[in-house]
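Data block below; observations after.
The values are calculated or read from the model by the stated rules, or taken from the named source; none is laboratory data. Since this is a predicted model, take the numbers as computed values, not measurements. A quick note on method: Cβ atoms are made from the backbone with ideal geometry, for glycine too, and the neighbour counts reach across all protein chains shown. When the accessible area is computed, the model is the full protein with side chains, heavy atoms only, and any ligands, DNA or RNA have been set aside. Shrake-Rupley method; radii C 1.70, N 1.55, O 1.52, S 1.80 Å.
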Amino acid sequence: MKTHSIKTHRIEKNESIFEILDRHVVSLEENSVLAITSKILSLAQGRTVDKDTADKCELIRQEADAILETDHNPYDFHLTLKNGILIPSAGIDESNVDNVYVLYPENIQLTATEIWHHLRAKHKIQNLGILITDSHTTIMRRGVTGIALGWCGFEPLYSYVGK
């Protein structure tokens, strides 16, 4: 397996994801898998909120499908469910952006499929995998783990341990 990173320009709010891909994904070979961070999709979809106009706790409550309530929260840490994933702060990200909160992208699976169709046609290939990724923390552990939020072009492996 060969891996290559693709350096892009600084992605701004409401840029076309297809123009970004056309500009930076110069070539793809058969059986390639392209991993795209969810933050790029969020920015392309305009899924940001200015920090000056929003209260993060209220934003978390709006974005989360469920939130673990606690009486004592000295670290301002909110454990939430978002799109079936146990994740802090409903996936709201404030790293590597200027004065905004970046929300999870919408329609992740549909977007992965649209990207798959676009890149297969552009590069004239049949076998292509698309992964929409995010970093994920694990409770009581240091560091992060990469996870797939969406995919297209292959059958994912589901874990049915204990079922």
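Data table
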{"quantity": "Listed peptides 33-41, 50-58, 92-100 by packing density, highest first (mean Cβ within 10 Å)", "calculated": "33-41, 92-100, 50-58"}
{"quantity": "Rounded, prolate or oblate (a/c below 1.5 giving rounded, otherwise prolate when a/b exceeds b/c) for the range 98-163 by Cα gyration tensor", "calculated": "oblate"}
{"quantity": "Vicinal HN-Hα couplings computed from phi for the range 147-153 (Karplus, 6.51 cos²θ - 1.76 cosθ + 1.60; Hz; Gly/Pro x)", "calculated": "10, 9, 8, x, 7, 7, x"}
{"quantity": "(1) 9, 32, 27, 17, 10, 4, 2, 0; (2) 9, 35, 34, 18, 5, 0; (3) 10, 39, 36, 14, 1, with the label sought being that of the calculated P(r) over Cα pairs in 10 Å bins from 0, in percent", "calculated": "(2)"}
{"quantity": "For residue 125, residues with placed amide H under 5 Å, excluding near neighbours", "calculated": "none"}
{"quantity": "Overall form of the range 1-49 per C-alpha gyration tensor (a/c, 1.5; a/b vs b/c)", "calculated": "prolate"}
{"quantity": "Per-residue HN-Hα couplings for the range 92-98 [Karplus 6.51, -1.76, 1.60; θ = phi - 60°; Hz; x = Gly/Pro]", "calculated": "5, 10, 10, 8, 6, 9, 9"}
{"quantity": "For the chain: relative contact order, % (alpha-carbon pairs under 8 angstrom, 6 or more apart)", "calculated": "24 percent"}
{"quantity": "Per-residue ³J(HN,Hα) for the range 36-49, Karplus 6.51 cos²θ - 1.76 cosθ + 1.60, θ = phi - 60°, Hz, x for Gly and Pro", "calculated": "10, 5, 4, 4, 4, 5, 4, 5, 4, 7, x, 7, 10, 9"}
{"quantity": "Tensor-based shape of the range 47-112 (alpha-carbon gyration tensor, a/c under 1.5 rounded, otherwise prolate or oblate)", "calculated": "oblate"}
{"quantity": "Amide proton proximity set for residue 33, modelled H, under 5 Å, gap of 5+", "calculated": "129"}
{"quantity": "Carbon/sulfur fraction of accessible area - the chain, other protein chains in place, 1.4 Å, %", "calculated": "51 percent"}
{"quantity": "Set 13/163; 56/163; 51/124; 2/124; 39/163; 51/163 screened for pairs whose C-alpha atoms are more than 31 Å apart", "calculated": "13/163; 56/163; 51/124; 39/163; 51/163"}
{"quantity": "Highest-MSF residue in the chain out of 114, 19, 106 [GNM, Cα springs under 10 Å]", "calculated": "19"}
{"quantity": "Amide H within-cut-off set for residue 133, under 5 Å, with H built and near neighbours excluded", "calculated": "36, 37, 38, 149"}
{"quantity": "Gap separating the Cα centres of the range 98-163 and the range 30-47, nearest whole Å", "calculated": "8 Å"}
